[in-house]
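Report on one structure; see the data block that follows.
The values are calculated or read from the model by the stated rules, or taken from the named source; none is laboratory data. Predicted, not measured: the structure shown is a model, and the values here were computed from it. Positions of Cβ are backbone-derived with ideal geometry, glycine not excepted, and every protein chain shown enters the neighbour counts. Each accessible area value is taken on the protein alone, full model and side chains, heavy atoms only, with ligands, DNA and RNA left out. Shrake-Rupley method; radii C 1.70, N 1.55, O 1.52, S 1.80 Å.
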Amino acid sequence: MQAFINDTTVELVQGDITELETDAIVNAANSQLLLGEGVAGAIRRKGGPSIQAECDAIGRCDVGNAVITGGGNLKARHVIHAVGPRMGEGSEAGKLACAVRVSLALAEEHALHSIALPAISTGVFGYPLEACADVMLRVIIDYTFEELEHLTHVVVCLYDSQAFDVFAAEFAKKLEELANDQ
Ligand code: AR6
């Protein structure tokens, strides 16, 4: 499923984010920048040790922020490590929105054309999928209104069909709202 919004293609796909060939993929990271399970585990296994080594050199990253490293052996040249909130810690939606926005801004700053993001915080961190879809898609759509010089393709990669269906329904709703506003 995809839509062309303000010169940017926003696309939803289902699958393993570590297989994508976008310029950057986003890791659902923790503040310690220790690659654990879920998306991070797949990145660690397929990307090789250089990614954790670069994370160790950076040290840490606050919730709601993101940092960039190389992509090791991945098809993507870069990994953007975005730290989403753990459900229950408070101000989750705002923190998730910031983490997504900073990730997109890092891609643009590094002159990247494409980025793929997973459903940040919805695995180990326990954030509900519906709420995540609302926040992530709102931030991504809002970002297409910026004057972007480089970023032209934003992919949201959902692991299973349930997550894909939740995001697809929310995306359809947001596209309809956008069309009604214009
Ligand atoms: N490709 C795409 N999506 C995936 C993949 C994959 N290969 N694997 C899992 N997902 P999670 P979080 C989905 O747990 O909740 C780690 O230990 C998954 O189904 O990766 O932000 C880190 O080191 C879920 O919908 O991230 C942190 O400590 C979504 O990606 C912590 O977990 C996010 O699940 C971060 O937890």
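Some points to look at:
- Filtering 133, 82, 99 for residues that are under 19 Å from residue 21 (Cα atoms), of a type outside the set (Val, Ile, Thr) and open to solvent by less than 20 Å² (accessible area, probe 1.4 Å) leaves a single hit, 82.
- Residue selected from the stretch 106-123 under the condition surrounded by fewer than 17 Cβ atoms within 10 Å (Cβ to Cβ) and touching a residue at least 24 places away in the same chain (Cβ under 8 Å), by the criterion nearest to residue 23 (Cα to Cα): 113
- Condition check for residue 115: within 23 Å of residue 36 (Cα to Cα) and not small (Gly, Ala, Ser): yes
- Taken together, the residues in the stretch 12-54 that are part of a strand (DSSP E or B) and open to solvent by 40 Å² or more (accessible area, probe 1.4 Å) amount to 1.
- Residues (small (Gly, Ala, Ser) and open to solvent by less than 30 Å² (accessible area, probe 1.4 Å)) located in the stretch 136-163: 163
- Each residue in the stretch 10-31 was checked for being polar (S, T, N, Q) and farther than 18 Å from residue 126 by Cα, and 3 of them qualify.
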